[in-house]
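Shown next, in structure tokens, is the structure this report addresses.
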Amino acid sequence: MHRALKYPLDRICIKSGVYCPSCQRKIETGVVSEVDLQVLRELVNLEDKLKQLKKGEYVKSVDTGSEILVLIKNGFDQSELAQLEKELSSTLGRRVKVIEYVNDTKKLIEQIIAPASLLGVNKIWLPTGEELVTIRVSKRDRRFLARNKEQYEATIEKVTGVKARIVFE
């Protein structure tokens with residue numbers, strides 16, 4: 001059996017650009033975004049070149065403005081993620097950051113804000129019943145995030161589904 005990275009759409013639909021009713025629905029309802037489509041096309045094209053794409057699962061992509069954040073899961077090591085990052089950056093003509101999607105909010109945030117180091121994550125419940133995470137980052141790492149602080153907060157919210165606020169201490 002030919003194993004491949006699991007995608008939210010059928011491989012044939014991705015390759016051809018002609019979508020079956022099921023895939024079309026995912027696109028129309030926003031389950032799969034325009035950025036996802038661009039990344040999925042490239043991933044399918046890279047399958048023969050990058051053997052590590054025979055495992056794992058594509059989760060989603062987020063356009064942060066300055067880069068495209070690609071989330072994949074199930075057993076990729078750092079060198080495989082770095083190689084995939086390089087390939088996608090060159091084929092998409094934009095900076096791409098590939099991270100391993102995990103169910104641990106803290107570990108996800110750590111990967112998103114890298115190379116800045118995470119001091120901690122605090123959950124706060126607002127009177128509205130909404131959850132907010134305060135992400136504590138070392139003052140000396142401010143240079144990595146300060147210029148795009150709002151962008152990072154928006155990205156973390158898109159990935160985790162929770163409002164985020166970055167504080168430097």
| said: Could you tell me the center-to-center distance, by alpha carbons, between the stretch 64-83 and the stretch 124-160 in angstrom? | reply: 20 Å
| said: Please list, by residue number, every one of the chymotrypsin sites (Phe, Trp or Tyr not before Pro) in the stretch 104-169 that is coil in DSSP and has at most 13 other beta-carbon atoms within 10 Å. | reply: none
| said: Among 29-37, 17-25, how do they line up by average Cβ neighbours within 10 Å per residue, starting with the highest? | reply: 29-37, 17-25
| Distance between modelled label sites at E57 and K139, nm, 7 Å Cα→Cβ extension | 4.3 nm
| task | No other cysteine beta carbon under 4.7 Å away is the test; run it over the chain and list who passes. | result | C20
| Build a GNM of the chain with springs between Cα atoms under 10 Å: which of I12, I72, I99 gets the top mean-square fluctuation? | I12
| Based on the Cβ-Cβ distance of K86 and E130, what FRET efficiency does E = 1/(1 + (r/R0)^6) give at R0 = 22 Å, to the nearest 0.05? | 0.05
| task | Would you look at the GNM of the chain, springs on alpha carbons closer than 10 Å, and say which of I124, I27, I135 moves the most? | result | I124
| query | With springs only between Cα atoms under 10 Å, which of L46, L126, L145 fluctuates most in a Gaussian network model of the chain? | reply | L126
| said: Using 24 Å as the Cα-Cα cut-off, could you pick out the over-long pairs in K97/K149; K86/K163; K15/K49; K73/K149; K73/K97? | reply: K86/K163; K73/K149
| task | Sticking with the crude label model, points 7 Å out along Cα→Cβ, report the distance from K123 to R25 in nm, one decimal please. | result | 3.2 nm
| task | With +1 on each Lys and Arg Cβ and -1 on each Asp and Glu Cβ, and nothing else charged, work out how big the dipole of the stretch 105-168 is about its Cα centre, in Debye to the nearest 20. | result | 320 debye
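Coordinate-derived values only; no laboratory data. Nothing here was measured: the structure is a model prediction, and the numbers come from that model. Using ideal geometry, Cβ is built from the backbone for each residue, glycine included, and neighbour counts are taken over all protein chains shown.
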